[in-house]
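*Asks:* Please see the structure below; I have some questions.
The values are calculated or read from the model by the stated rules, or taken from the named source; none is laboratory data. Note that the coordinates shown come from a computational prediction; the quantities given were computed from them, not determined experimentally. Using ideal geometry, Cβ is built from the backbone for each residue, glycine included, and neighbour counts are taken over all protein chains shown.
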Amino acid sequence: MAKDLTELLKRYHQLVTCKEERIQSSRRRILSAFQFEPVDRPPIIQMTQTVLFPRETIFESPERLLLAQIANIVLTLEHETDYLPFIDSFEGVTVLAEAFGCKVVIPPGGDPQVFKPLIFDNYWDVWELKKPDHRNPVYLRILEHLHFFEEATDYAIPVAATDPQSPLDVASLIWDNTSFLLALKERPKEVHYLLQVITEAFIEFYSLQYDLLKNPALPGHSFPLVPGAQGISVSDDEAVLLSPELFEEFDLPYLAQISEAFGGLYYHCCGDFGHLLKSILKIPGLRAVNAHLSPREFHPEYIQTFLDAKVALFLGMGDVEVGWKDTAWEDRSPIEIYEKYYLPEAVKRSGGRGIVLTGYGGYRGFIDVDLQGIRDNSLVDSSGHRFSESVSWLLNLDIAQKNAYFLRICELVEQLLQGTED
C-alpha cells in the first residue's frame with residue numbers, strides 16, 4: 001500500500017507540474033465565480049473516480065481512505081476540468097454523534113450509520129448529555145487521520161475537515177428521528193438544549209481540526225476548493241423536513257453561531273428546500289449554496305433568488321434515480337437531461353455568473369473501475385451512491401472521450417451565453 005501511494009503521489013506531482021497553467025486558470029475562474037466577477041465561462045468541475053476497495057473498508061483504514069482519494073485526484077487531473085485537487089477526508093456523517101456516545105456500525109458496501117440513537121421517547125435523557133471532552137477518542141482519531149493525510153502527502157495537497165454536519169442533522173442521529181421531529185413541537189426546551197450543546201461541540205471539534213491543518217482545503221465537503229475562502233461548509237439535509245417557522249427557530253440560530261465562529265458559511269442541503277429559500281438567506285455570512293438541480297430537488301427558478309442576494313451556487317445534476325422520477329424527463333438519457341435541461345436552466349437563469357457547474361454525471365463524474373474481482377456491493381461511488389444502469393455510460397472512458405465531453409460542455413455553455421446576450 002505504501003508503494004502504491006508513493007507511485008500515485010509521484011504521478012500527482014508530475015500532473016500538477018505539467019498542468020500548472022490550467023490549474024491557475026481554474027483557480028482564477030472559480031474565485032471569480034464565487035465573487036460574482038466576470039468570467040470567460042462558468043467553472044466546470046468534471047471529475048473521475050475509481051473503486052480500489054470495498055466501500056466499508058475505507059472507513060476502517062486511513063491508509064485506504066487516502067489511497068482512494070489520491071487515486072481519484074490523479075485520474076481527474078489527467079483530463080480537462082476546472083477541478084482543483086484537495087483531499088476530502090470524509091469519514092461519515094456520524095462522527096459528531098459518535099463523539100456524544102452513539103454506537104456506529106458500517107454495513108457492507110455502505111457508510112457509517114448510527115446503530116441506535118441515545119434518545120427515543122424518553123426526552124428527559126437529553127439533560128444528561130454533555131459536550132464531549134476535547135480529548136475524547138473520536139476527536140483524537142479524526143485529528144490523527146488528518147495529521148496522517150498531511151504528513152503522508154508532505155503537506156502538498158490541501159486537506160478538508162471531515163464532513164461537517166449541522167447541529168440539526170447531528171441531533172436527528174442522537175435522538176430517534178420521529179421522536180425528535182415531534183419534540184420540536186412538544187418539547188422545544190429540550191430540543192434547544194440539545195442543539196446548543198451540539199453547536200458548542202461542533203465549533204470546538206472543527207476549530208481543533210483547523211488549528212491542526214497546515215494546508216486546509218476550504219470551504220470543505222460538498223464544495224469545490226475556493227482560493228482564499230473564509231468560512232466552513234455545513235450539510236443540513238434534515239432541514240427539508242421543517243417549515244420556515246421551525247427552521248428559523250431550531251436551525252437558523254445555531255447555523256448563525258457556526259457562521260460567526262468560522263467567518264462565514266457554505267450551505268448544502270439535499271432535496272427540495274424551496275420553501276426555505278427566504279429563511280436560508282437569513283443565515284449571517286452565507287457565502288454559497290450547494291444543491292442538486294432537478295425537477296424534484298433544487299428547481300431552476302430558485303437560482304435567481306440566491307444570485308440576487310449575491311450568494312453563489314455550486315450546482316450538480318440531481319441523481320437520475322431520485323430527482324427525475326415521475327417527471328417529463330424520467331425516460332430521457334443522462335446526456336440528454338444534462339444538455340437539454342441542466343445546462344440551459346443553469347446558464348440561462350444565471351447569465352453565467354455566480355455559478356460553478358459539474359460535468360457529465362453530476363457529482364459522480366466518470367468512473368474507472370476493474371469490474372472483475374470487485375463485489376457488486378462494492379460498486380459505490382465516492383459520495384456513497386451505488387452504481388446503476390443509469391450511469392453505466394460513464395464507466396471506463398478513455399481520456400480522449402472525457403476531454404471530448406468537456407469540450408462539448410464548453411461549446412454548449414458558450415452557445416447558451418450568446419443566447420442570453422441576444
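*Asks:* Do any helices (runs of 4 or more DSSP H) lying entirely in region 11-109 carry at least 2 residues that are touching a residue at least 12 places away in the same chain (Cβ under 8 Å) and in contact with a Pro (Cβ under 7 Å, 6 or more places away or on another chain), and which ones are they?
*Replies:* 20-34, 62-77
*Asks:* Another question, if that's okay. What residue, among those in region 222-256 that are in contact with a His (Cβ under 8 Å, 6 or more places away or on another chain) and within 19 Å of SER89 (Cα to Cα), is surrounded by the fewest Cβ atoms within 10 Å (Cβ to Cβ)?
*Replies:* This residue is SER235.
*Asks:* In the set LEU212, LEU218, which member is out of contact with any strand residue (DSSP E or B) (no Cβ under 7 Å at 6 or more places or on another chain) and surrounded by fewer than 18 Cβ atoms within 10 Å (Cβ to Cβ)?
*Replies:* LEU212
*Asks:* Based on this model, can you work out whether VAL126 counts as crowded, with 21+ Cβ neighbours inside 10 Å, touching a residue at least 12 places away in the same chain (Cβ under 8 Å), closer than 17 Å to SER222 by Cα and in contact with a strand residue (DSSP E or B) (Cβ under 9 Å, 6 or more places away or on another chain)?
*Replies:* Considered against the rule, which asks whether it is crowded, with 21+ Cβ neighbours inside 10 Å, touching a residue at least 12 places away in the same chain (Cβ under 8 Å), closer than 17 Å to SER222 by Cα and in contact with a strand residue (DSSP E or B) (Cβ under 9 Å, 6 or more places away or on another chain), VAL126 comes out as no.
*Asks:* Further question on the same structure: For region 195-208, state whether one or more residues are in contact with a strand residue (DSSP E or B) (Cβ under 9 Å, 6 or more places away or on another chain), among the polar types (S, T, N, Q) and crowded, with 20+ Cβ neighbours inside 10 Å.
*Replies:* No, there is no match, as no residue in region 195-208 is in contact with a strand residue (DSSP E or B) (Cβ under 9 Å, 6 or more places away or on another chain), among the polar types (S, T, N, Q) and crowded, with 20+ Cβ neighbours inside 10 Å.
*Asks:* Where the second residue is modelled with pLDDT of 95 or more and in a helix (DSSP H, G or I) and the first is under 12 Å from GLY354 (Cβ atoms) and hydrophobic (A, V, I, L, M, F, W, C) and lies in region 295-306, which pairs have Cβ atoms under 9 Å and are six or more apart or on separate chains?
*Replies:* ILE303/GLU345; ILE303/ALA346; ILE303/ARG349; ILE303/SER350; PHE306/LEU277; PHE306/ILE280
*Asks:* Within 20 Å of the chain's Cα centre (by Cα) and over 18 Å from GLY285 (Cα atoms): which single residue out of ALA160, ALA152, ALA229 fits that description?
*Replies:* ALA160
Residue by residue, here is whether (1) outside any loop (DSSP other than H, G, I, E, B); (2) of a type in the set (Val, Ile, Thr); (3) touching a Ser or Thr at 6+ places or on another chain (Cβ under 8 Å); (4) modelled with pLDDT under 80 holds:
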| position | (1), (2), (3), (4) |
| --- | --- |
| ASP326 | no, no, no, no |
| ILE335 | yes, yes, no, no |
| ILE367 | yes, yes, yes, no |
| LEU407 | yes, no, no, no |
| LEU412 | yes, no, no, no |
| GLN418 | yes, no, no, no |
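*Asks:* Next question, about the same structure. Scan region 243-266 residue by residue and report those that are more than 21 Å from the chain's Cα centre (by Cα), farther than 14 Å from SER166 by Cα and not acidic (Asp, Glu).
*Replies:* Listed by number, the residues that qualify are SER243, PRO244, LEU246.
*Asks:* Looking at (1) of a type in the set (A, V, I, L, M); (2) in contact with a Leu (Cβ under 9 Å, 6 or more places away or on another chain); (3) surrounded by fewer than 18 Cβ atoms within 10 Å (Cβ to Cβ), can you tell me which one LEU140 breaks?
*Replies:* (2)
*Asks:* Anything in region 238-284 that is of a type in the set (Ser, Thr, Tyr) and part of a strand (DSSP E or B)? List them, or say none.
*Replies:* TYR266, TYR267
*Asks:* Give TYR360, TYR341 a once-over and let me know the one that is at pLDDT 95 or above and in contact with a helix residue (DSSP H, G or I) (Cβ under 9 Å, 6 or more places away or on another chain).
*Replies:* Going through TYR360, TYR341 in turn, the sole match is TYR341.
*Asks:* Can you run down the residue pairs with Cβ atoms below 6 Å, 6 or more apart or on separate chains, where the first is in region 171-194 and in contact (Cβ under 8 Å) with a residue 12 or more places away in the chain and the partner is surrounded by fewer than 16 Cβ atoms within 10 Å (Cβ to Cβ) and of a type in the set (A, V, I, L, M, F, W, C)?
*Replies:* Note: pairs meeting the criteria are ASP176/PHE120; SER179/PHE120.
*Asks:* Let me ask something else. If I ask for residues that are within 20 Å of SER207 (Cβ to Cβ) and of a type outside the set (D, E, K, R), which ones from region 95-116 would you list?
*Replies:* VAL95, LEU96, ALA97, ALA99, PHE100, listed by residue number.
*Asks:* On the given criteria, is LYS310 at pLDDT 95 or above and at positive phi?
*Replies:* So LYS310 passes the test.
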